[in-house]
Amino acid sequence: MPPLPARSAPDGYRIAAASARARLAGPDRPEVDVWTYNGTVPGVLVRLRQGEPTRLLVENRLDQETTVHWHGIRLPNAMDGVPGLTQPPIRPGENFVYEFTPPDAGTFWYHPHANSLEQLGRGLAGALIVEEREPIAVDRDLLWFLADWRLTEEGGIAPRFGNRMEAAMSGRVGNTVTLNGRGSEAESFRAGERVRLRLVNASLARIMGLRFEGHRPVIVAVDGQPCDPHEPEAGRVLLGPAMRVDIVLDLEGEPGRRYDLVDDFYDGLSYRLTQLVYDERPPMRQHASDAPRELPRNPLPEPDLAAAERHTLTLEGGMMSMGGMSSMGGMMGGGGGMMGGMHGMMGMGGGPAWAINGMSMTGDGHAGMEPALTFQRGRSAVLVLRNETAWWHPMHFHGHSLRVLSRNGKPVPHRQWQDTVLMAPKDLVEAAFVADNPGDWMLHCHVVDHQMAGMMTVLRIA
Ligand code: C2O
Ligand code: CU
C-alpha cells in the first residue's frame, strides 16, 4: 500500500471529476468504467493542515452537474457543496473554487452532493486528512478507504441506480468491497509495529462490522474527532456509511502468520475483507509500544446542556414487518428475493419512502428548502433522534459535530463527537451541539437511497 504523501500541497489542490478505468475486483478481472477525482479510485488524497487556509479548485469533466461536499469539515456554509442550498451546481466544463480553513485535525472525506447515488456509486469519493500539529507516535500511518460496489457478471458497475424497493429497505448494498480501490487479499505488516489505521466507509449503503482476528484494535478517533482511546464494543469496529474510525493497532501476532479481517455486520453474510499478513522478520520490539495513543482534542465548542433547547427529529417510513430481515440488507449480489412480507411502507403510490417529522425532502439538495428548525447563533441544542423505522440509518449533520450523550436512555461511555450517528432500528439517541456556524445545513441519512427518497431535512442557524 502506498504510504501517505508526506504533506499538504502548498498551493492547494486541483481536482478534476472525470471518468476513467479501474481494476476494482482484482488484477485478473476486467477494467471497469468509473468516475474519479483525478483519475483514480479512491480519488486524490487531500492532505491539509489544521488551521491553515486551503484552496481546492474543482473542475467538472463529467457530462452532468456536480458539487463537492467536504464531509465532516466545519467550514463556512457557502463551501459546503450542497446544490441549490449553498451553491449553484458546477456545470459540465466549469470550475468551482472551494476555500476554507479546517479547524479540526482528523480523518474526513469528500464526495459529490449532486446525483449522489450514481456519482458516489460510480466511484467519486476521496479521503481528506487534516494533519495534527503534533501527531501521535506510530510506525506507519495508513489509510484504508473502504467502498462497496455492485458489479455485474461482466465486471461493470450495475446500472439502475435508485431502485424504489431498495430505497425503502437497506439501500443499494453491493457485492464487492474494495480497500483503497481494489479487492484486497493481503495487507502486509511486520510483527511488533504499531500502526494508525484510518478507516473510511465510503459505501452507498453497506454497514460494516470489522473484526481483527488475533488483534485488539483501539479506537482513538471517530468521524475525525479524537476520543478516549478504547476497545470497540464486543471487539467489532462498527462503521456505517460515511463514518470514519481511526484505530491504533499493535501488531502482536507472530512473524510469518496470516490473520483474517472479517466483516460480519449482516447476519449470515460475513466475508473476509482482507488478511493481515506478517512478514518473516523478527518483531520490531519486544513489548507493545507504550507511547500515548491519545490524540490532541479539536477546538469544539462544548454545549451548555443546562441551557440547551431540545428538539425531536423522528425518522419514519420504509418497509415494516420484515420479520427478522431488517438486519439483512446485505444480500451479496442481489436486489431480488426480498419482496415478501412488505406492508406499511410509506408512499407505495410512488411518493417518498422516508420522512423526518412527517416531512420528506428528496434528492440531493435544491433551492428553496425550508428549514425544519431555526437556531439562534451561539445557542446550545440537544437533538433527540428517534428511529421509528425497522432499518439502520447513519444520520449525518453538515457543518457541525454532534456530541452523542445517550442511546436508548443510557449515557454513552465516551460522549463521542460524531458527524454521522449510526442509528439501529428503534434507537433513540440524544446528541448535543452548539449552533455556532451560521447558514442552512443539511441533516440526512447517509444511506444515499434513503436520503434521495426523503430522509433529509434542513436546520438553519441564524
Ligand atoms: Cu457526506 Cu450530505 O453528506
Ligand atoms: Cu437511512
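The values are calculated or read from the model by the stated rules, or taken from the named source; none is laboratory data. These numbers come from a predicted model, not from an experiment. Cβ atoms come from the backbone with ideal geometry, glycine included; neighbour counts cover every protein chain shown.
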> Quick one: is residue 391 crowded, with 17+ Cβ neighbours inside 10 Å, in contact (Cβ under 8 Å) with a residue 60 or more places away in the chain and in contact with a His (Cβ under 6 Å, 6 or more places away or on another chain)?
Replying inline: no
> Restricting to the range 429-462, what's the tally of residues that are more than 14 Å from ligand 1 (Cβ to nearest atom), of a type in the set (A, V, I, L, M, F, W, C) and closer than 20 Å to residue 389 by Cβ?
Replying inline: 3
> Is there any pair with a first residue in the range 439-462 that is closer than 14 Å to residue 394 by Cα and of a type outside the set (D, E, K, R) and a second that is in a loop (DSSP other than H, G, I, E, B) and within 9 Å of ligand 1 (Cβ to nearest atom) whose Cβ atoms are under 7 Å apart and which are 6 or more apart or on different chains, and what are they?
Replying inline: 442/82; 442/365; 442/398; 446/241; 446/242; 447/241
> Taking the range 39-59 as the region of interest, how many residues are in contact with a Leu (Cβ under 9 Å, 6 or more places away or on another chain) and assigned to a loop (DSSP other than H, G, I, E, B)?
Replying inline: 2
>> For the condition modelled with pLDDT of 95 or more, of a type in the set (S, T, N, Q), touching a strand residue (DSSP E or B) at 6+ places or on another chain (Cβ under 8 Å) and farther than 13 Å from residue 143 by Cα, what is the one hit in 188, 184?
In response: 188
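Output the number of residues of the range 410-457 satisfying the condition of being on the phi > 0 side of the Ramachandran plot and surrounded by fewer than 24 Cβ atoms within 10 Å (Cβ to Cβ).
First, pick out the residues of the range 410-457 that are on the phi > 0 side of the Ramachandran plot: 415, 426, 439, 454.
Still in the list and also surrounded by fewer than 24 Cβ atoms within 10 Å (Cβ to Cβ): 415, 426, 439.
Qualifying residue count, the range 410-457: 3.
Report whether or not residue 123 is buried (at least 23 other Cβ atoms within 10 Å of the Cβ), more than 16 Å from ligand 2 (Cβ to nearest atom) and farther than 24 Å from residue 297 by Cα. Even if it seems obvious, please write down each step before you answer.
Working: buried (at least 23 other Cβ atoms within 10 Å of the Cβ): yes; more than 16 Å from ligand 2 (Cβ to nearest atom): yes; farther than 24 Å from residue 297 by Cα: yes.
The answer is yes for residue 123.
Which residues, counting only those in the range 355-409, are among the β-branched types (Val, Ile, Thr) and in contact with a Leu (Cβ under 9 Å, 6 or more places away or on another chain)? Let's see the steps before the verdict.
Taking the range 355-409 and keeping what is among the β-branched types (Val, Ile, Thr), we get 356, 362, 374, 382, 384, 389, 404.
Matches in the range 355-409: 356, 374, 382, 384, 389.
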> Given 305, 276, 315, which one is at pLDDT 95 or above, aliphatic (A, V, I, L, M) and closer than 30 Å to residue 191 by Cα?
Replying inline: 276
